[in-house]
Amino acid sequence: MALAHHHQVTSNGVNKKHLKCSRIGNILLYLYKKKKKVRVIAKKTLKEFWEDHNDCEQQLKSWYEEASGASWKTPNDIKRDYPSASVLEDNRVVFNIKGNNYRLIVKINYRFGMVWIRFIGTHVEYDQVDAKTI
């Protein structure tokens, strides 16, 4: 015995069940693509640095707030917001802080919206590290 499948159809012949699923899918896709903010780990690292270098406290606080409110999905998104940032291999980015007096290196997982602070230091200290591996 065959079971009959009955679906309501719109005036243009489209199955209403598919419309409902499509509408829900579009809503879910919208919510997923909606500005998902990145998470910066860890603010404590920045705070400890600006306590020793208080001339860059405001710039680091501003960077943290801007980054935490960002929805970076690609390196191009970062370059749009920070044209002077250097994008390196292995999803690392170098930001110039306080007119390039300080350097901030982060590693980013774009898919999950995670930003890990890998290094913050003076320009001289930056010259002594390998930004691609730190």
Practice problem: On a C-alpha basis, how far is the centre of the range 35-87 from the centre of the range 115-134 in Å? Whole number, if you could? | Solution: 14
Quiz item: From the cross-link list 61/98; 43/79; 37/107; 43/132, which pairs have alpha carbons spaced over 18 Å apart?
Solution: 43/79; 43/132
Quiz item: Tell me, what ³J(HN,Hα) does each residue in the range 117-124 have, in order and in whole Hz, if you take phi through Karplus 6.51 cos²θ - 1.76 cosθ + 1.60 with θ = phi - 60° and put x for Gly and Pro?
Solution: 6, 9, 6, 9, x, 5, 4, 5
Quiz item: How long is the gain from residue 48 to residue 68 if the chain were fully straight, where each residue apart is worth 0.36 nm and the alpha carbon distance is subtracted?
Solution: 5.4 nm
Quiz item: Name the residues of the range 106-134 whose amide N is less than 18 Å from a point 7 angstrom out from the Cα of residue 85 along the C-beta direction?
Solution: 106-121, 131-134
Quiz item: Can you give the FRET efficiency for residue 98 and residue 132, using 1/(1 + (r/R0)^6), R0 = 25 Å, r = Cβ-Cβ distance, to the nearest 0.05?
Solution: 0.60
Quiz item: Length gain on complete extension for the stretch residue 37 to residue 58, per 0.36 nm per residue less the alpha carbon to alpha carbon distance?
Solution: 5.4 nm
Quiz item: Probe 1.4 Å, all protein chains in place: accessible area of residue 74 in Å², nearest 10?
Solution: 60
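The values are calculated or read from the model by the stated rules, or taken from the named source; none is laboratory data. Please read these numbers as outputs of a predicted model, since none were measured by experiment. Quick reminder, even Gly has a Cβ in these numbers, built from the backbone with ideal geometry, and neighbours come from all protein chains shown. Note: accessible area is taken over every heavy atom of the protein model, side chains too, but ligands, DNA and RNA are not part of it. Shrake-Rupley method; radii C 1.70, N 1.55, O 1.52, S 1.80 Å.
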